[in-house]
1. Only residues that are at pLDDT 90 or above and of a type in the set (Gly, Ala, Ser): list them for region 68-95, please.
2. Can we say residue 57 is in the same structural domain as residue 208 (by TED's automatic domain parsing) and either aromatic (Phe, Trp, Tyr) or at pLDDT 80 or above (or both)?
Amino acid sequence: MADKEYAMVPTAGALVPGQVLGQVMPAPQVITVQCPPGGQPGQQMQITLPNTGQVIAVQIPPGCPPGGQFQVQAPPVITAQPAGPAPAQVQEHVHALVREGNSCSGMKPLHSNDAMAYSRSLTPQQASIENVSGCHKCVPVTCVGFPGCVYTYNGACNEDCLWFPCCFLGFIPTPWSICCCTCEREQNAWITRDKHRRKTGYIVIVDHERGTLAHYGVKCCSEQLEDHPQCYCVKV
């Protein structure tokens with residue numbers, strides 16, 4: 001969920017998708033230094049950085065007389081951003097979205113950044129395939145041609161492989177659909193591929209307590225996930 005790592009900063013109880021946490025390196029600071037009396041080019045002198053109070057050694061450049069001024073570039077200051085939300089916060093936020101309007105319409109679309117952040121927050125036990133095995137009611141979100149609610153069965157081929165119905169006729173799962181199985185997992189989500197091994201999407205656990213899955217496709221001509229899921233499959 002590059003793939004660049006997507007993390008979120010909590011603001012008023014909500015998560016903000018698309019922000020990458022880590023370290024911030026501001027633009028280098030250039031400061032003006034005065035050569036001390038008796039100072040000669042090539043000699044080293046100590047200065048105190050005004051922004052941090054750090055004492056560093058600098059070299060007097062060629063051609064700078066005693067009392068003259070020269071410029072030096074202060075070393076960058078690396079500042080850690082605030083830590084991202086705890087796994088419990090991520091899960092609470094996502095649960096609130098996917099549990100609202102649990103019918104054939106009205107379920108809120110969950111941004112793929114949030115879905116992948118949720119997936120990464122899961123413990124091995126929470127991400128177990130056993131939590132999502134069973135009969136599901138699939139609810140359309142962005143699928144064109146999806147015929148309202150349909151019922152499918154998702155099962156475990158083994159402890160890592162997810163068995164799910166393939167979709168024909170556009171996005172319409174049909175009773176005569178061939179069943180597919182994916183064993184490729186990344187960040188606790190299952191990757192789907194076509195017969196040419198091109199990535200077509202992710203199947204993401206978005207509510208481990210209720211066994212809810214979200215199906216995300218990829219954007220045209222890339223492996224980047226679509227912003228919103230094609231459908232939710234809610235365990236019944």
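1. Listed by number, the residues that qualify are 68, 88.
2. no
The values are calculated or read from the model by the stated rules, or taken from the named source; none is laboratory data. Just so we're clear, the structure is a prediction, and the values are computed from it rather than from any experiment.
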